[in-house]
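The values are calculated or read from the model by the stated rules, or taken from the named source; none is laboratory data. In this text the structure is predicted, and so the values were computed from the model without any measurement. Every residue, glycine among them, receives a Cβ derived from its backbone with ideal geometry; neighbour counts consider all protein chains shown.
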Amino acid sequence: MSTLLEELAEERIRLETGHRILICGGIPCTSLGCRKVKEALEDELRRRGIEGQIPVEVVGCIGDCSLGPAMIVYPEGIVYQKLKPEDARAIVKEHLAKGRIVEKLLHRDPRTKEIIRQREQMPFYRDQSRLVLRNCGVISAHIDDYIKYRGYAALARALAEMTPEQVIEEVKTAGLRGRGGGGFPTGRKWEIIRAAAGEEKYVICNADEGDPGAFMDRNILEGDPHSVLEGMIIAGYAAGARQGYIYVRAEYPMAVRRAREAIAQAREKKLLGENIFEKGFNFDIAIRIGAGAFVCGEETALISSIHGTRGDPNPRPPFPAQKGLWGMPTLINNVETLANIPLIVLHGGARFAGLGTPGSSGTKVFALAGKVNRAGLVEVPLGTPLRKIVFDIGGGIPGDKRFKAAQTGGPSGGCLGPELLDIPMDYRSLQEAGSMVGSGGLIIMDEDTCMVDIARFYLDFTQDESCGKCTPCRIGTKRMLEILEKITAGKGEERDLETLEQLALLLKNSSLCGLGRSAPNPVLSTLHRFQDEYLAHIRERRCPAGVCPNLSRPWIMEDKCRACGICSRLCPAAAITGKKGTPYRIDPAKCIDCTKCFEECPFDAIGRGGGVYAETADR
């Protein structure tokens, strides 16, 4: 598979000729003013009378969110970072006019301080295998650019050289599993749909990406929508379908616009509609926009939403492959799954299967976020150790703080502690650890994170997003959230932990859909791996991380206190008392949590998150 990566890179270098500028249009770059940078560049090109000679386009996310606003200047592939509108003049005057690279705008390796010119040489990208993301941020979303890099060649091969059964066998050989969370073997799903009886069959692209912190599917639709369309058309050919739908949430306006534009472009070139490639195959795609309900990422709820009814899950069986949209066999794959299909059909399933681990082949895109130096979209072979993603690609924890946990799989996943830093990021390993690959959310937490509060946060999200159709999820998530709120408020009891676990197992075993069955994962994983934090909240009325407001007032560490009296003199509430030779104490009833003592103590004797006052705290 590394050979395939090299082939794709060499092909891009060979095809890039002439100047053009691509500006990252990802969320961070947009919020930091990438549009103003584009306008400044266009103004400068216009001032020099060459605006029509050098295209300037806003494209999908380049990947590394720490670079923004960023741009790539071709044909050299030079990456400029942290741009301001006033930098446009130097880029045009020096780089475009004289061929001199503007070094002050280049990236520097944070460790070696070496100047890095091209994206592939940066620490964030060096250890990635960007196959699904191969085009995102480095070509425009227009069909002409996609075709330039062999876009729709896989579709041409499938229709001209392969039967639907052969396409399915190629996908099975690849070992591709669903990238939306369930991890079901894609080829097997296609095979079931192909064999199902029905007058009509449908293909649905699930772009209802609702996990907090996840933006993988959004970026693919914004940066490389034609890869998704091509994957859908091939899926329709294999399954025997004539109509496809992209179900995308309304909160993704650029993704919706890019998908609509891509569909119109494909129709114009006769790649959608009647008699595609003159092979007698008909297939078209329409867009359906969701209203933002997290539960609509579940297949049966998604189908209900397309039908125009409330997006509630339904019991399975029958599965969508048997009775789905309009009661007909329906193939549902997510964005990333479908974007893999053109590569597999064009280059062969065996080459795809050569990357990853047995049972988890290929690459996976993760949205790396949280307490990490280099956040962004990361694509690595499945089975890559978590440590490599966090420290080699992500650059480690800001401020050299201690890694505490990683939340994988979004609200449905679990929290992995430091002892699991070397876990392979694949389906089996994460499932055995009580978590999941999920759609690819990967949130990193440091020593300042309260794991009880994290469990409360995720359960608050799933409880709010529960459709309420089944009692275990509707009532169970509510009761679990109440217990976690009680614990973080300093009113918890040890028996609450047993009740939490019982409720969690009840939800996992009896909820109607995947939302309810997976909602307890953050609670169970933190209970098992960070039980000491739960006990500190309950027994000591202390939040070790100093996050929970009711349990995080300052306290004095007796072994460090020198009884100098500085804290007592500074305290505006007269809450600190003591005498010479004896450690001072803080009265929690008087403390107003102004943090003056914590900030000014010369001996670092003031802690936060509980302590000696816990004995007298209101239970």
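Within segment 292-308, identify whether any single residue is loosely packed, with under 14 Cβ neighbours inside 10 Å and among the charged types (D, E, K, R), and answer yes or no.
So far as segment 292-308 goes, no, none of its residues is loosely packed, with under 14 Cβ neighbours inside 10 Å and among the charged types (D, E, K, R).
For segment 529-554, which positions are free of Cβ contacts under 8 Å to residues at least 60 places away in the same chain and either over 16 Å from D587 (Cα atoms) or surrounded by fewer than 18 Cβ atoms within 10 Å (Cβ to Cβ) (or both)?
Answer for segment 529-554, where residues must be free of Cβ contacts under 8 Å to residues at least 60 places away in the same chain and either over 16 Å from D587 (Cα atoms) or surrounded by fewer than 18 Cβ atoms within 10 Å (Cβ to Cβ) (or both): Q531, D532, L535, I538, R539, P549.
Of the residues A255, A214, A241, A259, which single one is of a type in the set (A, V, I, L, M), in a loop (DSSP other than H, G, I, E, B), surrounded by 24 or more Cβ atoms within 10 Å (Cβ to Cβ) and not assigned by TED's automatic domain parsing to the domain that holds I62?
Testing whether each residue is of a type in the set (A, V, I, L, M), in a loop (DSSP other than H, G, I, E, B), surrounded by 24 or more Cβ atoms within 10 Å (Cβ to Cβ) and not assigned by TED's automatic domain parsing to the domain that holds I62 leaves just A241.
For the condition more than 20 Å from N219 (Cα to Cα), in a loop (DSSP other than H, G, I, E, B) and in contact (Cβ under 8 Å) with a residue 60 or more places away in the chain, what is the one hit in K270, K279?
Answer to the check: K279.
For L106, all conditions in the list (1) out of contact with any helix residue (DSSP H, G or I) (no Cβ under 9 Å at 6 or more places or on another chain); (2) surrounded by 20 or more Cβ atoms within 10 Å (Cβ to Cβ) hold save one; what is the number of the exception?
Among (1) out of contact with any helix residue (DSSP H, G or I) (no Cβ under 9 Å at 6 or more places or on another chain); (2) surrounded by 20 or more Cβ atoms within 10 Å (Cβ to Cβ), the lone unmet condition for L106 is (2).
Look through segment 396-427, keep the residues that are touching a strand residue (DSSP E or B) at 6+ places or on another chain (Cβ under 7 Å) and in a helix (DSSP H, G or I), and return whichever of them is modelled with the lowest pLDDT.
Going through the qualifying residues, I end up with G410.
How many of the residues making up segment 318-361 are part of a helix (DSSP H, G or I) and among the hydroxyl-bearing types (S, T, Y)?
1
Restricting to segment 564-581, name every residue that is assigned to a loop (DSSP other than H, G, I, E, B), more than 45 Å from the chain's Cα centre (by Cα) and either touching a residue at least 40 places away in the same chain (Cβ under 8 Å) or crowded, with 17+ Cβ neighbours inside 10 Å (or both).
Result: A575, G578.
Scan E230, E199 and give me the residue that is closer than 27 Å to A160 by Cα, buried (at least 22 other Cβ atoms within 10 Å of the Cβ) and touching a residue at least 24 places away in the same chain (Cβ under 8 Å).
E230
Within segment 134-145, is even one residue among the β-branched types (V, I, T), within 26 Å of G354 (Cα to Cα), in contact with a helix residue (DSSP H, G or I) (Cβ under 8 Å, 6 or more places away or on another chain) and not assigned by TED's automatic domain parsing to the domain that holds F391?
Within segment 134-145, one or more residues are among the β-branched types (V, I, T), within 26 Å of G354 (Cα to Cα), in contact with a helix residue (DSSP H, G or I) (Cβ under 8 Å, 6 or more places away or on another chain) and not assigned by TED's automatic domain parsing to the domain that holds F391.
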